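Trainee: First the structure, then my questions, so here it is.
The values are calculated or read from the model by the stated rules, or taken from the named source; none is laboratory data. Everything numeric here is computed off the predicted structure, so don't read it as measured data. Ideal geometry is used to build each Cβ from the backbone, glycine not excepted, and the neighbour counts take in all protein chains shown. Note: accessible area is taken over every heavy atom of the protein model, side chains too, but ligands, DNA and RNA are not part of it. Shrake-Rupley method; radii C 1.70, N 1.55, O 1.52, S 1.80 Å.
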Amino acid sequence: PCSGGPKGRARAPKTIMPAEQDLLRLCGGAPTSSDSLVTDSSAVLSGCSSLSATPTTARPSPAARAPPAAAAPATTTLSVEGMMCSHCTGKVEQVLSAVAGVKNVVVDLKANTAVVTGSADEAALVAAVEGAGFRARVAGGPPTTTLSVEGMMCSH
């Protein structure tokens, strides 16, 4: 096995781990008792030609190898004005479901809200509802005011 033996023997704890026993056997230094365990692994490795001098990386634990847990999807509540019936709620649900990143939509006619779960951009959600003919804003945000200006003749 090995051309050299362990060097620098010292007193050690009474417990010898199996990996330590294997290392010592490989390098010709299996202890006869736990009192003769080599505590300086560099002394063992320096006299052992069977072992590579290349450092190795410990394998990560199964928990460390597991993929990170997915973040919980965000929930956005929209205040929706202009819904009058179940057809309106169906239309709002349809346009919101079509927005990229939306996982789930629940529209409440009585509360005039739409609760959207997913990673969709809030501005895209508001734009989708407004594109369907309803007024919308993120609940809890500042209220929006729409002004109608009459008598304008040109775009200047």
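Trainee: Has the range 54-76 got any residue that is of a type in the set (S, T, N, Q) and either at pLDDT 95 or above or open to solvent by less than 50 Å² (accessible area, probe 1.4 Å) (or both)?
Mentor: Checking the range 54-76: at least one residue is of a type in the set (S, T, N, Q) and either at pLDDT 95 or above or open to solvent by less than 50 Å² (accessible area, probe 1.4 Å) (or both).
Trainee: Within the range 91-106, take every residue that is assigned to a strand (DSSP E or B) and open to solvent by 30 Å² or more (accessible area, probe 1.4 Å) and give me the one that is nearest to A136 (Cα to Cα).
Mentor: Per the criteria, the residue is V106.
Trainee: Give me the pairs: first residue in the range 114-142 and farther than 23 Å from M84 by Cα and of a type in the set (G, A, S), second residue open to solvent by 40 Å² or more (accessible area, probe 1.4 Å) and modelled with pLDDT of 95 or more, beta-carbon distance under 6 Å, and six or more apart or on different chains, which are they?
Mentor: Final answer for the pair search is G118/K103.
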